[in-house]
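Take this structure, written in structure tokens, and hold onto it; I'll ask about it next.
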Amino acid sequence: MKLKRLIAILLSLVMTLGLLPTAAFAAGSAGQGETMRVFHLDCGRKYFSVEEIKGVIDMAAENLYTHVELAFGNEGLRFLLDDMSVSVNGASYESDAVTAAVQTGNRSYTTYSSGELTESEMDTILAYAAEQGISIIPLLNSPGHMNALMDAGEALTGTTMAYNGSARTIDVTNETATAFTLAVLAKYVAYFA
């Protein structure tokens, strides 16, 4: 009986802490004790236009948020670079082929929402966010929540990338799956750097 009460109290505490705003726990990026207030926009599962994202940035700024996290790679992959070409294990895949494969993966993930942001559009979003005093945190989930990217990798390489039949998690012991994912991630890291 005492153990059940203790577990109930601990669960209540965990749930209460889980409901506190992220700002209560995040330290400033410069380590100066500044509090980050982060708004998360899942723009991977659903496409948002530039204007819609600008609207989110405006609301974040008005409500004293400091950052907007754009989860553009979360199940779907809703931001495509101008150059999506990758090399994987000695094989090269042209930009148009990778772009088309990702777009097919997005459509396969959901027919509810379609579209991808271009590099020019993301440049516009980043510049607008800076004007509003909002920092952008980019998010491309990996090794899970990668439905569209996994579909693209499988279509291009002919290799099953899934971990244990998962529709969204790559098998990190699969050399081709890992090489493809890292090649794509490297392109986004270079862009956002």
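The values are calculated or read from the model by the stated rules, or taken from the named source; none is laboratory data. Computed from a predicted structure; not experimentally measured. All Cβ positions, glycine included, derive from the backbone under ideal geometry; neighbour counts span all protein chains shown. Each accessible area value is taken on the protein alone, full model and side chains, heavy atoms only, with ligands, DNA and RNA left out. Shrake-Rupley method; radii C 1.70, N 1.55, O 1.52, S 1.80 Å.
How big is the accessible area of residue 54 in square angstrom, nearest 10, if you roll a 1.4 angstrom probe over the protein chains?
Surface accessible to solvent at residue 54 totals approximately 40 Å².
Please give the peptides 153-159, 63-69 ranked by average Cβ packing (other Cβ atoms within 10 Å per residue), highest first, as a rough proxy for protection.
Result, highest mean first: 153-159, 63-69.
If you count only protein heavy atoms with a 1.4 Å probe, what accessible area per residue comes out for the stretch 74-193, rounded to a whole Å²?
Value returned for the stretch 74-193: 48 Å² of accessible area per residue.
Hey, what D do you get for the stretch 95-139 in µm²/s if you plug the Kirkwood alpha-carbon radius into Stokes-Einstein at 10 °C and 1.306 mPa s?
Values: Rh = 12.4 Å.
The Stokes-Einstein estimate is 128 µm²/s.
Starting from the Cα of residue 132, step 7 Å along the direction of its Cβ; do the same at residue 82; then give the gap between the two resulting points in nm.
Distance between label points: 2.5 nm.
Okay, moving on. Ignoring any ligand, DNA or RNA, what whole percent of the accessible area of the stretch 49-169 comes from carbon and sulfur when the probe is 1.4 angstrom?
Accessible surface attributable to carbon and sulfur in the stretch 49-169 totals 46 percent.
Okay, moving on. Between residue 100 and residue 124, what FRET efficiency follows from the Cβ-Cβ distance if R0 is 35 Å, with the result rounded to 0.05? Mind dumping the intermediate values first?
On the way: r = 24 Å, r/R0 = 0.68.
That gives a FRET efficiency of 0.90.
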